[in-house]
Amino acid sequence: MHFIFNIIRKNGFLLLFLCLQMIASILIFRYNVYHEVILGQASVKITGAIDKQTSKITRFFNLPRYNRELQEENAILRKQLTALGIKKPATNERELIESSEYHQIYSFIPTDIINNTIVRSHNFLTINKGKKDGVQIGDGIMTQYGIVGIVTKTTDNYARAISILNTDSQINARIKGNEYFGTMIWDGKDPRYTYLTEIPKYITVNIGDTIETDGKSPVFPEGIMIGTVNHKEVDNVSGELKIKVKLRENFANLKYAYVVTNLKKIEINQVESTDTINKDPHNVQ
């Protein structure tokens, strides 16, 4: 304390000058509009510069994580493209791939998920791409880790989709390896799990088996991973297997996705909607 008093005593006039200078500056900038505007502009510039540098530093330290995520996504996409069979290389943002088994051609449109719910029994999500970008009702939405929903409404710039975490959602899915397929549903409880139903009880299913899209629907290509088998039991009502699937995608953290458009969807729907039974066996065309 004695040391501090000595400093004040030796530099009293300088400290008094600095104090008065500070008070004068405060009064000038507070009660003079011009100086107040100048101070505000300077403050904004300084704050912006600090934020910009902070952002650069943050991105720099996050580069390893970003690179790792990109590598994982590239590996997944390469695997999917190999499984689906490439007929032509990607030439633009709407990347075309073809499912060689079911002869279905798809385009993938990058998008952001700007709204998403997981706590309701009927969950939906919103994306920032719409009709202007080629998004259509019935298109699928998927991420690098799996499928997330199906488009139900579109505007020029946005689209609304029913999430697979919706008790009304029914998705065709199969067990990778044995190719048995069924219907994937959600029970409205835990957003980390769905259920694969309509699987015969005599089918061998192991914990950890991969559940993926089967490609028979015009919405999603075949071989897109959905999750892994977490639990299995025989349904007492249907007598079939009820398989609990742990989703690979974390629906609480959805941000980036792809809109999947089947370019032959309209033609497929048209031919399937005309199913009739010809009663005259001799009138076959």
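The values are calculated or read from the model by the stated rules, or taken from the named source; none is laboratory data. Model, not experiment: these values are computed from the prediction. Cβ: placed from backbone, ideal geometry, glycine included. Neighbour counts: every protein chain shown. Just the protein is used for accessible areas: all its heavy atoms, side chains included, with ligands, DNA and RNA removed. Shrake-Rupley method; radii C 1.70, N 1.55, O 1.52, S 1.80 Å.
Within the set of pairs 6 or more residues apart or between chains, which connect a residue that is surrounded by fewer than 16 Cβ atoms within 10 Å (Cβ to Cβ) inside the range 168-185 to a residue that is assigned to a loop (DSSP other than H, G, I, E, B) with Cβ atoms less than 6 Å apart? Close Cβ pairs (under 6 Å, with a partner that is assigned to a loop (DSSP other than H, G, I, E, B)) amount to Thr183/Gln170. Among the residues of the range 208-221, those that are in a loop (DSSP other than H, G, I, E, B) and touching a Gly at 6+ places or on another chain (Cβ under 9 Å) comprise Asp209, Thr213, Asp214, Gly215, Ser217, Pro218, Val219, Phe220, Pro221. For the range 239-260, does any single residue satisfy the condition of being surrounded by 10 or more Cβ atoms within 10 Å (Cβ to Cβ), polar (S, T, N, Q) and modelled with pLDDT of 85 or more? Checking the range 239-260: at least one residue is surrounded by 10 or more Cβ atoms within 10 Å (Cβ to Cβ), polar (S, T, N, Q) and modelled with pLDDT of 85 or more. Taken over the range 191-207, residues that are open to solvent by 50 Å² or more (accessible area, probe 1.4 Å) and not in a strand (DSSP E or B) amount to 6. Looking only at residues in the range 117-158 that are among the basic types (Lys, Arg) and not in a strand (DSSP E or B), which one is nearest to Ser169 (Cα to Cα)? It comes out as Arg120. Checked against the criteria, Gly188 counts as in a loop (DSSP other than H, G, I, E, B) and either charged (D, E, K, R) or farther than 30 Å from Gly134 by Cβ (or both). Out of Val234, Val229, one residue alone is aliphatic (A, V, I, L, M), surrounded by fewer than 22 Cβ atoms within 10 Å (Cβ to Cβ), in contact with a Gly (Cβ under 9 Å, 6 or more places away or on another chain) and at pLDDT 90 or above. It is Val229. Restricting attention to the range 142-154 and to residues that are out of contact with any helix residue (DSSP H, G or I) (no Cβ under 7 Å at 6 or more places or on another chain) and of a type in the set (S, T, N, Q), the residue that is nearest to Arg192 (Cα to Cα) turns out to be Thr143.
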